[in-house]
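Nothing in this text is a laboratory measurement; each read-out follows from the coordinates by a stated rule. As the structure is a computational prediction, the values presented were derived from the model and not from experiment. Every residue, glycine among them, receives a Cβ derived from its backbone with ideal geometry; neighbour counts consider all protein chains shown.
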Amino acid sequence: MEDNEKPDSDPSAQLMLQLRDGDEAAFDQIVERWQSPLINFFYRSLSSYEQSEDLTQMVFVRLYRAAPNYEHRARFSTYLFQIARRLLINEFRRSQRKPLDSWDPTELHAITSGQDHQRLTELEEAFEQALKKLPENHRTAILLLKQQELSYQEIANIMEASESAVKTWIFRARQFLKQELKDLV
């Protein structure tokens, strides 16, 4: 989907326009659709479900307050995750710590035995430790790409950077993670 696409082809943008026009039920549908993706986005960075829920709620509060001025200029997901990213950065600044991402275990093939499960747990822990070492931009870019399946252009819009910068961050993150985990995989 392109950023300049009409709201008809972006159901969430259509709902946001309905909310702008006073349809309160549209907001409930937005929350229902985007609550889990937002919680997952925050959880991967904070490793705290409670904080993730709090920040997700803050996103929806900001979204609701912004509704009267909403104009469809980009995909709704781009707009939404831009708000989420700003809140996440503010949270990191407030807590004086760097963002942490969690490993997505779905990226590994299924493992069933107890010994393999232990190995998977060790690999996840090593992956989390490696992610901690990445700069914030690299972590956020890779998270938006892998977890939210956003395009490079959408990530660039959210992160207020050029598409080439996003490509560079993702490339460097992948290279770093390969190097850090080469002995484990």
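Things to note:
- Cβ crowding within 10 Å ranks Met159, Met16 as Met159, Met16, fewest other Cβ atoms first.
- Working note: Karplus 6.51/-1.76/1.60 with θ = phi - 60° gives region 146-153 the couplings 7, 7, 9, 6, 8, 6, 4, 5 Hz, where Gly and Pro are set to x.
- With only the Cα atoms considered, region 42-97 has a convex hull volume of 78 Å³ per residue.
- At most 14 other Cβ within 10 Å, DSSP loop - trypsin sites (Lys or Arg not before Pro), region 8-91: Arg73
- Here the calculated FRET efficiency for Arg73 and Glu128, from their Cβ-Cβ distance with R0 = 45 Å, stands at 0.80, rounded to the nearest 0.05.
- DSSP-assigned coil residues among chymotrypsin sites (Phe, Trp or Tyr not before Pro) in region 1-81, each with at most 13 further Cβ atoms within 10 Å: none
- Qualifying GluC sites (Glu not before Pro) in region 127-167, DSSP loop, other Cβ atoms within 10 Å at most 10: Glu149, Glu160
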